[in-house]
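Notes to accompany the following structure.
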Amino acid sequence: MLTTIHIIGILLTVGVLLAVSIASGRKVKDARSFATGGRAGSWMVCGAILGTLVGGQSTIGTAQLAFSFGISAWWFTIGAALGALLLGLVYAGPLRRSGCTTLMEVVRKQYGPRAETVGSILFLIGIFISITSQLLSSSAMLGSLFGLPLTAALTVGAVLVAAIVLFGGIKSAGASGIVKLLLLYLCSLAAGIAVWRLGHGLVGIRESVADLYSSSLLAQMNDISGAEDIHRRYGSLIARGPLKDIGGCLSLTLGVVCTQTYAQAVWSAATTRKAKLGAVYCAALIPLIGAACTLVGMYMRGHYVTAAEAAALQGAGKTLPDGIGVIENSLQAFPAFILNHLPSWLGGIALGTLLINILGCASGLVLGASTIVMRDVVHRDSLAGMRLAIVGLLALGVVVAHFMRGSFINDLGFLSLGLRAAALLLPLSFALWLPGRFTSKGVVASMIAGTAAMLAAGLLHLPADPMYYGLAASALVLAIPARRP
């Protein structure tokens with residue numbers, strides 16, 4: 001139950017973030033420093049990446065997935081960490097040496113303005129899907145905490161995102177990311193310790209899940225057919241199949257490399273060494289957060305049922321097992337754990353931190369998208385124009401999120417990252433390491449083919465992750481057009 005102490009903790013935590021963002025934003029004097037900073041240290045780079053990469057999906061979404069599929073939920077943060085590592089160790093140097101400030105500018109220098117325009121449009125689709133999913137996450141948090149209706153919750157979330165990023169750009173995202181890093185580890189450590197103590201270790205958590213599914217109706221509702229099936233689902237890293245789980249990890253890893261927001265963090269560094277170190281720090285820190293969120297989700301599965309499951313049990317004339325609580329849906333797993341199993345003062349900080357995660361991630365994505373709009377589509381370097389683009393993207397995001405309110409947030413995130421990689425990974429990589437090998441026409445065709453193949457695979461529910469189809473189509477089409485002599 002939300003108490004006054006919870007509310008005070010939430011407001012204070014969000015207030016600290018906003019104060020840091022606005023204070024750091026006072027140093028921004030022009031559009032270039034707004035977008036890329038240029039003098040950030042390694043921890044500032046780490047904060048900028050982590051502040052946008054560890055959002056609603058890495059925390060609330062990971063706990064939600066663990067609620068249904070156990071430790072395989074860890075793949076999300078593993079993939080995010082591998083993406084940060086790949087960005088820092090492999091791509092940071094070439095990106096900085098390119099002399100560009102956007103990924104699409106790299107593509108344009110090699111393949112011309114048409115490739116830049118097509119790539120920008122496809123890229124913006126992927127980022128916008130992520131912005132929408134983060135706004136939905138924020139509305140879920142705000143709605144559950146303060147009882148706001150959907151439209152009001154979406155609007156408040158968008159206003160908070162704008163406040164975080166409008167006055168500081170990448171400097172704001174980096175500084176608030178460092179604050180969020182500290183808060184995340186405080187809350188993750190507290191949640192991990194609480195879960196370990198309450199659940200009596202991993203063995204105890206697994207036993208509680210098995211006990212819950214001793215109800216044949218609950219087992220049937222979740223497609224569980226015995227003890228072996230429970231162990232396979234909750235105790236395996238490939239519970240949903242190796243092609244699905246590893247494919248999801250691949251989508252995250254490659255999607256991070258192909259996201260403007262994370263590339264901007266690399267460009268914001270004072271030196272290439274600091275850019276690499278910042279990305280490596282981020283890669284080392286992210287999986288620990290994912291591990292804590294995974295444990296929370298598994299613990300909640302063993303001690304809670306969803307409202308739909310409770311209604312089905314009651315409809316069948318059965319009562320809830322002793323000591324089992326009810327949450328509205330699996331997305332509420334992490335917030336419910338904080339409200340019910342942490343001290344109120346710490347719970348308030350944790351809830352505020354979760355809200356900050358979502359808002360910080362959305363702010364970084366909006367900043368990256370606005371940079372693409374201004375420099376790759378509009379071709380203007382204007383601070384006022386960039387801020388106007390931010391407001392426009394958020395307003396459109398609120399409208400779209402309202403119509404997509406029934407969508408799964410995790411599915412939107414996986415689709416978003418995969419689409420970015422399917423469209424951009426090969427053209428970007430060839431532009432950096434194998435210039436002059438492919439025509440502009442071939443690159444444009446590969447971008448479109450990769451995006452279309454991934455969308456088709458998802459809509460048709462083809463086996464394996466859609467990322468495989470997107471990358472295969474992009475590579476195949478890129479190889480077909482005539483090469484330059």
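A short reminder: the numbers here are calculations on the coordinates, not readings from a lab. Worth saying up front: this structure is predicted, and the values here are computed from it rather than measured. No Cβ is skipped: glycine too gets one built from the backbone with ideal geometry, and neighbour counts run over all protein chains shown.
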With θ set to phi - 60° and the Karplus curve 6.51 cos²θ - 1.76 cosθ + 1.60, what are the ³J(HN,Hα) couplings of region 256-270 in order, to the nearest whole Hz, using x for Gly and Pro?
-> 4, 4, 9, 10, 4, 4, 6, 5, 4, 4, 5, 5, 6, 5, 5
List every residue whose amide H lies under 5 Å from the amide H of Tyr304, counting only residues 5 or more places away in sequence or on a different chain, with H placed 1.01 Å from N in the peptide plane.
-> Gly325
Could you point to the residue in His379, Thr155, Phe337 farthest towards the positive end of the chain's charge dipole, with +1 and -1 charges on the Cβ of Lys/Arg and Asp/Glu respectively?
-> His379
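With an 8 Å cut-off on Cα pairs and a minimum separation of 6 or more residues, tell me the relative contact order of the chain in percent.
The value is 34 percent.
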Would you work out which of Ile121, Tyr299, Val326 lies farthest towards the positive end of the dipole of the chain? Charges go on Cβ: Lys and Arg +1, Asp and Glu -1.
-> Ile121
Lysine pair number, Cα distance threshold 29 Å (strictly under), region 4-479, separation 8 or more or different chains = 18
Quick calc of log₁₀ I(q)/I(0), region 281-346, Debye, one scatterer on every Cα, no solvent, q values 0.11, 0.14 1/Å, result -0.34, -0.51
Of the peptides 430-441, 106-117, how do they stack up when ordered by the mean number of other Cβ atoms within 10 Å, highest first?
-> 106-117, 430-441
Whole Å is fine, so just give me how far the alpha carbon centre of region 270-336 lies from that of region 421-485.
-> 35
How much mean residue ellipticity at 222 nm does the chain get from its helices, if each DSSP H run of length 4 or more adds -39500 (n - 2.57) and you divide by all residues, to the nearest 500 deg cm²/dmol?
-> -25000 deg cm²/dmol
For the peptides 227-233, 317-323, 392-398, what is the packing order when you average, over each peptide's residues, the other Cβ atoms within 10 Å and list the highest mean first?
-> 392-398, 227-233, 317-323
Quick one: Karplus J couplings for region 458-474, per residue in order, coefficients 6.51, -1.76, 1.60, θ = phi - 60°, nearest Hz, x for Gly and Pro?
-> x, 5, 8, 6, 5, x, 6, 6, x, 4, 4, 5, x, 5, 4, 5, 4
For region 104-257, what ratio Rg/Rh do Cα atoms give with a Kirkwood hydrodynamic radius?
-> 1.07
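Under a point-charge model restricted to the Cβ atoms of Lys and Arg (+1) and Asp and Glu (-1), what is the dipole moment magnitude of the chain relative to its Cα centre, in debye to the nearest 20?
Working: 32 positive and 16 negative charges, 422 e Å.
My answer is approximately 2020 debye.
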Sorted by chain and number, the residues with a modelled amide H under 5 Å from that of Ala269, at a separation of 5 or more or across chains, are Gly38, Ala40
What is the packing order of peptides 134-140, 67-73, taking the mean over residues of other C-beta atoms within 10 Å and listing the highest first?
-> 134-140, 67-73
Report, as a whole number in µm² per second, the diffusion coefficient that Stokes-Einstein gives for the chain at 10 °C and 1.306 mPa s using the Kirkwood radius over alpha carbon pairs.
-> 70
